[in-house]
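In what follows, a structure is listed as structure tokens, so that the remarks can point back to it.
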Amino acid sequence: MMGKKLSVLTTLAIGTAAYFVTKKVLVEHQDQIKEKVAQFTDEGRETALRYYNHAKDYMNEESGLQDTLNDLKQKVVDKAEKFKGEDSVGQALSSLKEATSELKKQFDKKDEVEPEEDIVIDGRSAFGEAKDAAEFEKDHPTEIFYPKEN
């Protein structure tokens, strides 16, 4: 009991000391911390702008790339239109609707459910078999071959 109180007090003292040390360090170096954060933010913005400009220049210089992207976009649109116009998609949707309606009908047929068969337990249940095995063991004891008793 005494050890628990001591450890709680020690933890509380260390936590309080850490709080005040952190607060003092932050107050003393607050201007430096703000300056570093502003510097990192500015550097990050400059880097992002530089990468954006490089990508923009590359896209403008490489007219073939723009054409390739436009061709790819057109191929996707053409394929989508082709699938939309085909009968296979319509057939798949109608088949799905049909299967869904059949499934709903099966769940709605609660009144037509056949009664389950009664469970019948005969004399040969697990308990009966265990009892028979125990009686057999009485009449036929287990023989020990090794080690032989003298």
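The values are calculated or read from the model by the stated rules, or taken from the named source; none is laboratory data. Small disclaimer: the values here were computed from a predicted structure and weren't measured. Here the Cβ is made from the backbone with ideal geometry for all residues, glycine too, and neighbour counts use every protein chain on show. SASA here: full protein model, heavy atoms, side chains in, ligands and nucleic acids out. Shrake-Rupley method; radii C 1.70, N 1.55, O 1.52, S 1.80 Å.
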For Glu129 the rounded accessible area (nearest 10 Å², probe 1.4 Å, non-protein molecules ignored) is 100 Å²
Evaluate the charge dipole of the stretch 15-61 about its Cα centre and quote only its size in Debye, nearest 20, assuming +1 on the Cβ of each Lys and Arg and -1 on the Cβ of each Asp and Glu. 280 debye
Rh (Kirkwood; distinct C-alpha pairs) - the stretch 15-61, Å: 13.5 Å
Efficiency of FRET between Ala38 and Ala18 - r from beta-carbon atoms, R0 25 angstrom, step 0.05: 0.35
